[in-house]
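Novice: Next up is a structure, given as structure tokens.
The values are calculated or read from the model by the stated rules, or taken from the named source; none is laboratory data. Keep in mind that this is a model prediction, so the values were computed, not measured. Positions of Cβ are generated from backbone atoms using ideal geometry, with glycine treated the same way; all protein chains shown enter the neighbour counts. All accessible areas refer to the heavy atoms of the entire protein, side chains included, with ligands and DNA or RNA removed. Shrake-Rupley method; radii C 1.70, N 1.55, O 1.52, S 1.80 Å.
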Amino acid sequence: MRSDVVVTNMRGSYNEHLSTHAVTFLLAFARRFDYYLPQKQWQRGPTMLHLPDTTVLIVGVGGSGREASKQCAAFGMRVLGCDPRTTEPAPGMASCSRRPRSRTASVRPISSSVTVPESPDTVGMFNAALFARMKQGAYFINISRGRIVVTGGLIAALRSGQLAGAGLDVVAPEPLPPESPLWSMPNALITPHVAIYGAPYRQKWEEILLENCRRFAAGEPLLNVVDKKTWY
């Protein structure tokens, strides 16, 4: 619906917590916690990943994506990005593309970390066809929105071994039903949409709100203006 009303949001309030949650999933898989945590016996398992030999693709290079890039680079990983709004690499990122669908498929990363917002262009973006084009044995991490993933396609990719694992803080639907196959999959690590927990975001919300009130009264440009065509 067209409207002259200017809408702002609170983006940037929990970048560090979102990125840390995503990287924690990645480290858990690299050190094979998905294998060891369920074990009840002293038994060594599969080979672990050497992070400097891995490539991570960050889909959505906003605030949390930029923070994740810095953290991944600090562990020696090769970091690539894609975002329809920019080709400017984030700190620690080797390169960035504006074409997420083709870029995601062609890079064939060891790990793909998703930080894109939900919008008409991203709903169902990660589906069976896209998972099939990723490098076999890659890991998929989603800390943004569940509806950008076709859950059935994700389950099929995990079952077939096309994906080695998935770290999910968000799913579709939410809450994830008890009967979902994801709960019983050893290669799926799931947290219940808690990536921002611990962030002092209410204080940041107040700061952004008060600053926008000041700017509005002074006739200055507002912070975090939403493009209503893209939903963010």
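Novice: I'd like the full set of residues that are in a loop (DSSP other than H, G, I, E, B) and open to solvent by 50 Å² or more (accessible area, probe 1.4 Å), limited to the range 128-140.
Specialist: Lys135, Gln136
Novice: Hey, another quick one. Does Leu182 meet the test of being modelled with pLDDT of 95 or more, open to solvent by 10 Å² or more (accessible area, probe 1.4 Å), farther than 28 Å from Phe75 by Cα and among the aliphatic types (A, V, I, L, M)? Even if it seems obvious, please write down each step before you answer.
Specialist: Numbers: modelled with pLDDT of 95 or more: yes; open to solvent by 10 Å² or more (accessible area, probe 1.4 Å): no; farther than 28 Å from Phe75 by Cα: yes; among the aliphatic types (A, V, I, L, M): yes.
Considered against the rule, which asks whether it is modelled with pLDDT of 95 or more, open to solvent by 10 Å² or more (accessible area, probe 1.4 Å), farther than 28 Å from Phe75 by Cα and among the aliphatic types (A, V, I, L, M), Leu182 comes out as no.
Novice: Here's a follow-up. Any residue in the range 4-30 that is without any contact (Cβ under 8 Å) to a residue 60 or more places away in the chain sitting within a Cβ distance under 9 Å of a residue that is among the aliphatic types (A, V, I, L, M) and surrounded by fewer than 21 Cβ atoms within 10 Å (Cβ to Cβ)? List the pairs, counting only those 6 or more apart or interchain.
Specialist: The qualifying pairs are Asn15/Ala199; Leu27/Leu51; Ala30/Met48; Ala30/Leu49; Ala30/Leu51.
Novice: Can you pull out the residues in the range 78-119 that are of a type in the set (S, T, N, Q), modelled with pLDDT of 70 or more and within 20 Å of Ile143 (Cα to Cα)?
Specialist: Ser112, Ser113, Thr115, Ser119
Novice: Restricting to the range 51-66, and then to whatever is in a helix (DSSP H, G or I) and either touching a His at 6+ places or on another chain (Cβ under 9 Å) or of a type in the set (A, V, I, L, M) (or both), can you tell me which residue is nearest to Gly137 (Cα to Cα)?
Specialist: The first filter runs over the range 51-66 and keeps only residues in a helix (DSSP H, G or I), leaving 51-53, 63-66.
Retained after the next criterion (residues that are either touching a His at 6+ places or on another chain (Cβ under 9 Å) or of a type in the set (A, V, I, L, M) (or both)): 51, 64.
Values: Leu51: 15, Ser64: 25 Å.
My answer is Leu51.
Novice: Among the residues of the range 76-87, which ones are farther than 23 Å from Ile148 by Cα and either touching a Cys at 6+ places or on another chain (Cβ under 9 Å) or surrounded by fewer than 23 Cβ atoms within 10 Å (Cβ to Cβ) (or both)?
Specialist: The initial filter retains those residues of the range 76-87 that are farther than 23 Å from Ile148 by Cα, namely 76-78.
Residues satisfying the conditions are Gly76, Arg78.
Novice: Scanning the range 187-208 for residues that are in contact (Cβ under 8 Å) with a residue 12 or more places away in the chain and outside any loop (DSSP other than H, G, I, E, B), which turns out most open to solvent (accessible area, probe 1.4 Å)?
Specialist: Trp205
Novice: Within the range 158-179, which residues are surrounded by 12 or more Cβ atoms within 10 Å (Cβ to Cβ), in a loop (DSSP other than H, G, I, E, B) and not charged (D, E, K, R)?
Specialist: Gln162, Val170, Val171, Ala172, Leu176
Novice: If you don't mind, another one. In the range 52-75, how many are surrounded by fewer than 19 Cβ atoms within 10 Å (Cβ to Cβ), at pLDDT below 95 and touching a helix residue (DSSP H, G or I) at 6+ places or on another chain (Cβ under 6 Å)?
Specialist: Within the range 52-75, the subset surrounded by fewer than 19 Cβ atoms within 10 Å (Cβ to Cβ) is 52-53, 55, 63, 70, 73-75.
From what is left, the residues that are at pLDDT below 95 are 52-53, 55, 63.
Now restrict to residues that are touching a helix residue (DSSP H, G or I) at 6+ places or on another chain (Cβ under 6 Å): 63.
The qualifying residues number 1.
Novice: Also, quick follow-up: Of the residues Ile143, Ile148, Ile155, only one is without any contact (Cβ under 8 Å) to a residue 40 or more places away in the chain, buried (at least 16 other Cβ atoms within 10 Å of the Cβ) and within 21 Å of Tyr232 (Cα to Cα); which?
Specialist: Ile148
Novice: Let me ask something else. Quick one: count up the residues across the range 1-51 that are surrounded by 19 or more Cβ atoms within 10 Å (Cβ to Cβ) and in contact with a Lys or Arg (Cβ under 7 Å, 6 or more places away or on another chain).
Specialist: 1
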